[in-house]
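Worksheet for the structure shown next.
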Amino acid sequence: KPEVAVKASADTLTLDGEIDKLWTKYIATTLTPEEKQLTDSFGSQWKTYVESRSRTMKLAVEGDYPASRENAAKDAGPKFTAARETLFKLIELQGRVAKSEFEAAQARYDNTRNTIIGLIVTGIVLALWLGVSLIRAITRPLDVAIGHFGQIAQGNYNNTIDIERHDEIGKVIESLKSMQIKLGFDVAESNRIADENLRIRIGLDNVSTGVMIADNDRNIIYVNKSVVNILGKAEADIRKQLPNFSATSLVGTNIDAFHKNPAHQAQLLSTLTTTYTASIDLGGRSMVVSASPVINEQGHRLGAVAEWQDRTAEVAVEKEVASI
């Protein structure tokens, strides 16, 4: 039927397109001279076959079936047979080439494997020899270094460390000696500063002026006995305004609790450069607070120190005198 011939012709054209794509990819690869000769022959034969087959399909589509069969038998068929024989030769050649390449690759693999095994064995023997030598060369000075580390860990910074070599191990020993010297100085300096701070703290604890120190976040980090005594005597009155106030639990609390406007106080303390004195009314008690900034030698602000005075009695006398 004509429609069958039309469909067959269309399907054949689709297959031809796929075959052409595959063939184009194949001939773009590296070919041996013999393989190149066979591909050229097959390409020419296949082209003539496709042309003859197209005439056969055209006659079939036109309904001239006798002429179509005759062309297929006498022209397209022999051309297809010739192309197929060339293709079989090409396939056989590829098999031989593949076998030859496989054998060559196998031989290269065997040679490479044997070489690598030899190198690995040699490397293992050499590594063992070097390892033993290295361990012997490192163990003794490292044992000495470990001993020095133990002495340093126990707080002994007066060990005699001799540098007998100038290789990497010698550099480690040299660094250990430098570390011991620096740690000795640092510990001595830390002890000196600690003793100095202790003397200052003891002095502040025993002065008659109430002293309170706060950090940059206005958290109280120190109060002396006088300020605890001053605020402790006024604790009952202060609790009228601050119910949770406790003179014995000042450290760790925030000084914002003493002020009605914490934001103003925060701004004031963050920009304070000299002593600032203010009068505060806490539960009817008249307090005078003098705040000064705490700034280190590098100019960094560390917090603020405040001196407290309870002038309630004095203010009462002043008011009485004024009224008289």
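The values are calculated or read from the model by the stated rules, or taken from the named source; none is laboratory data. This one's a predicted model, so the numbers in the text were calculated from it and none came from an experiment. Quick reminder, even Gly has a Cβ in these numbers, built from the backbone with ideal geometry, and neighbours come from all protein chains shown. In case anyone asks, the SASA skips ligands and DNA or RNA and just uses the protein heavy atoms, side chains included. Shrake-Rupley method; radii C 1.70, N 1.55, O 1.52, S 1.80 Å.
Observations, loosely collected:
- Among the protein heavy atoms of the range 71-114, carbon and sulfur supply 58% of the accessible surface, probe 1.4 Å, non-protein parts ignored.
- Here volume of the Cα convex hull per residue in Å³ was computed from the coordinates, and among (1) 171; (2) 268; (3) 411 the match is (3).
- Each residue of the range 125-189 gets 78 Å³ once the volume of the Cα convex hull is shared out per residue.
- Choice from Leu13, Leu242, Leu272 showing the highest fluctuation, given a GNM over the chain with Cα pairs closer than 10 Å: Leu13
- Selection from Leu38, Leu126, Ser54 lying farthest towards where the dipole of the range 1-141 points positive, charges on Cβ: Leu126
- Value of Rg/Rh across the range 71-117 [Cα atoms, Kirkwood radius]: 1.49
- Size descriptor, Kirkwood hydrodynamic radius, that averages inverse alpha-carbon separations across the range 20-167, Å: 23.4
- Excluding same-chain neighbours fewer than eight residues apart, the lysines reachable from Lys58 by a Cα-Cα span under 26 Å are Lys1, Lys7, Lys21, Lys47, Lys74, Lys79.
- Distance between the range 82-133 and the range 272-324 - C-alpha centres, whole angstrom: 93
- Considering only Gln151, Gln265, Gln180, the Gaussian network model of the chain with Cα springs below 10 Å gives its largest mean-square fluctuation to Gln265.
- Amide H within-cut-off set for Ile295, under 5 Å, with H built and near neighbours excluded: Leu302
- Annotation: amide H of Ser286 within the under-5 Å range of Arg311, Thr312, sequence separation 5 or more or interchain, hydrogens built in the peptide plane.
- Axial C-alpha extent at least 18 Å, average Kyte-Doolittle at least 0.0 - helices from the chain (DSSP): 77-153
- Accessible solvent surface per residue of the chain, calculated while the other protein chains remain in place, 1.4 angstrom probe, Å²: 68
- Surface share of carbon and sulfur [accessible, 1.4 angstrom probe, percent] for the range 132-279: 56
- Against the rule of thumb 2.2 N^0.38 Å, how large the Cα Rg of the range 170-272 comes out: 1.63
- Sparse-neighbourhood loop sites, GluC sites (Glu not before Pro) in the range 286-324 - DSSP loop, at most 12 other Cβ within 10 angstrom: Glu297
- Shown here are the Rg and Dmax of the Cα trace of the range 1-66, at 15.3, 47 Å.
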